[in-house]
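The structure appears below as structure tokens.
The values are calculated or read from the model by the stated rules, or taken from the named source; none is laboratory data. These figures come from a predicted structure and were not determined experimentally. Quick reminder, even Gly has a Cβ in these numbers, built from the backbone with ideal geometry, and neighbours come from all protein chains shown.
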Amino acid sequence: MNNNKRKIRVLVVDDSIVFRETLARQIAQDPLIEVVAKASDPYMARDKILEFEPDVMTLDVEMPRMSGIEFLKRLIPQYPIPVVVVSAVSQSVFDALNAGAVDFVTKPDPLGERGVEAFVSELIVKIKIASTAKVATQKGNAITASSNQGTGLVKQNSIIAIGASTGGTEAIERVLKGFPVNMPGTVIVQHMPPVFTALFAARLNNSCAVEVKEAKTGDLVLPGRVLIAPGDYHMRIKKANNYYIVECFHGEKVNGHCPAVDILFHSVAEHVGKNAIGVILTGMGNDGASGLLALRKSGAITLGQDERSSIVYGMPKVAFNIGAVQEQISLDFISRKIYTLVGSRR
């Protein structure tokens, strides 16, 4: 980033004075960040927003007087400010994202491997990304699975591959809720830390017609099943007799990420080719672009989320600019488009 740019104005909200002051002091050491205000609860935070007009807010989920999630539900429709949630490991993170938060980081565990320094570094990166994000003040109308009911079986060797980052949890949920049970096997990389990928998969499994699970090595890619790459593991497709299976493995970060979308997409291009549909969704950076281009060159159909519906139009933009995306489409219609394409290939 250009050092001549105006600093990102941040409001820090946390009920712990020690954590709040430490966090504010640490992130303010970055030359591109200015902590303009601090608040101990949502009511004070609301006043600080009006007074200081911050660019980004960091928000604790568990707070007195009003939870962070309830605050988000009330705040975002009136003041669409990008919010990075700071939370312990729990499903409440996804409730916060559903309520309008852009991203999250987990609080450091004093007894764990991940210390304060790593936590602060991750938070600074996500504050910078959030400062470029568009905040959706209202949800679109996702196509439901009942709208996509069809007849006939999907080809055994068809695969849908999806990649996403910032804003991707909500985007993926809206796409999958439009999938009926007879959709082709689907493999997904969402940039997300360990533990959360299993929670995310379980949450989706409870709300979608298709089966959704965190992937493990040897899992079959089957119609009606969605496999999500586990945090800290790359995932790739392999051919096993007449089936496709996934392999999950530790490896160096690719494009700054593990799991990386490019690892998955390149493997699908190699082993599935023209029988695949590749989809790149909202996210910062360039992960997935080269893999999606390889998919297109292999004969697969490739889709990219459009700028208007993307929280962060980074990954889809890079993929589009290098010619990897055959068609850009609004998030509201991606599941229907995929279903139409699947039907045309039977």
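Applying a threshold of 9 Å to beta carbon distances and a minimum spacing of six or more residues, or different chains, the list of pairs starting in the range 200-220 at a residue that is in contact (Cβ under 8 Å) with a residue 12 or more places away in the chain and ending at one that is small (Gly, Ala, Ser) and in a strand (DSSP E or B) reads GLY218/ALA240; LEU220/GLY185; LEU220/ALA240. Considering the range 215-235, the residues that are part of a loop (DSSP other than H, G, I, E, B) and touching a Gly at 6+ places or on another chain (Cβ under 9 Å) include one that is nearest to LYS253 (Cα to Cα), namely TYR233. Residues of the range 12-68 that are under 13 Å from VAL86 (Cα atoms) and of a type in the set (Asp, Glu): ASP14, ASP15, ASP60, GLU62. The set of residues in the range 329-346 being in contact (Cβ under 8 Å) with a residue 24 or more places away in the chain and part of a helix (DSSP H, G or I) consists of LEU331, ASP332, PHE333, ILE334, SER335, ARG336, LYS337, ILE338, TYR339, LEU341, VAL342, GLY343. Scanning the range 300-328 for residues that are within 16 Å of the chain's Cα centre (by Cα) and part of a strand (DSSP E or B) yields GLY304, GLN305, TYR313.
Each row is one residue, and each column tells you yes or no for (1) over 27 Å from GLU214 (Cα atoms); (2) at pLDDT 55 or above; (3) not in a loop (DSSP other than H, G, I, E, B).
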| site | (1), (2), (3) |
| --- | --- |
| ALA136 | yes, yes, no |
| GLY140 | no, no, no |
| GLY163 | no, yes, yes |
| GLU173 | no, yes, yes |
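In the range 71-96, of all residues being closer than 15 Å to ARG203 by Cβ and of a type in the set (A, V, I, L, M, F, W, C), the one that is nearest to the chain's Cα centre (by Cα) corresponds to PHE94. None of CYS258, CYS248 is surrounded by 19 or more Cβ atoms within 10 Å (Cβ to Cβ), over 16 Å from the mean Cα position of the chain (by Cα) and touching a residue at least 12 places away in the same chain (Cβ under 8 Å) except CYS248.
Within the range 220-238, the residues that satisfy the criterion of being under 18 Å from LEU199 (Cβ atoms) and not hydroxyl-bearing (Ser, Thr, Tyr) are VAL226, LEU227, ILE228, ALA229, PRO230, GLY231, ASP232, MET235. Name the single residue that is nearest to PHE179 (Cα to Cα) among those in the range 267-280 being touching a Ser or Thr at 6+ places or on another chain (Cβ under 9 Å) and surrounded by fewer than 22 Cβ atoms within 10 Å (Cβ to Cβ). Filtering the range 267-280 for residues that are touching a Ser or Thr at 6+ places or on another chain (Cβ under 9 Å) and surrounded by fewer than 22 Cβ atoms within 10 Å (Cβ to Cβ), the one nearest to PHE179 (Cα to Cα) comes out as ASN275. Report yes if ILE49 is under 22 Å from VAL125 (Cα atoms), in the same structural domain as LEU32 (by TED's automatic domain parsing) and in a helix (DSSP H, G or I), otherwise no. The answer is yes for ILE49. If only residues of the range 89-106 that are among the β-branched types (Val, Ile, Thr) and part of a loop (DSSP other than H, G, I, E, B) are counted, the one that is surrounded by the most Cβ atoms within 10 Å (Cβ to Cβ) is VAL102. Can we say LEU264 is in the same structural domain as GLY185 (by TED's automatic domain parsing), in contact with a Ser or Thr (Cβ under 6 Å, 6 or more places away or on another chain), buried (at least 22 other Cβ atoms within 10 Å of the Cβ) and in a helix (DSSP H, G or I)? It is false that LEU264 is in the same structural domain as GLY185 (by TED's automatic domain parsing), in contact with a Ser or Thr (Cβ under 6 Å, 6 or more places away or on another chain), buried (at least 22 other Cβ atoms within 10 Å of the Cβ) and in a helix (DSSP H, G or I). The residues listed here are LYS337, LYS317; of these, the one that is closer than 29 Å to SER131 by Cβ and among the basic types (Lys, Arg) is LYS317.
Across the range 171-217, the qualifying residues are those that are among the acidic types (Asp, Glu) and touching a Lys or Arg at 6+ places or on another chain (Cβ under 9 Å), and the one among them that is surrounded by the most Cβ atoms within 10 Å (Cβ to Cβ) is GLU173.
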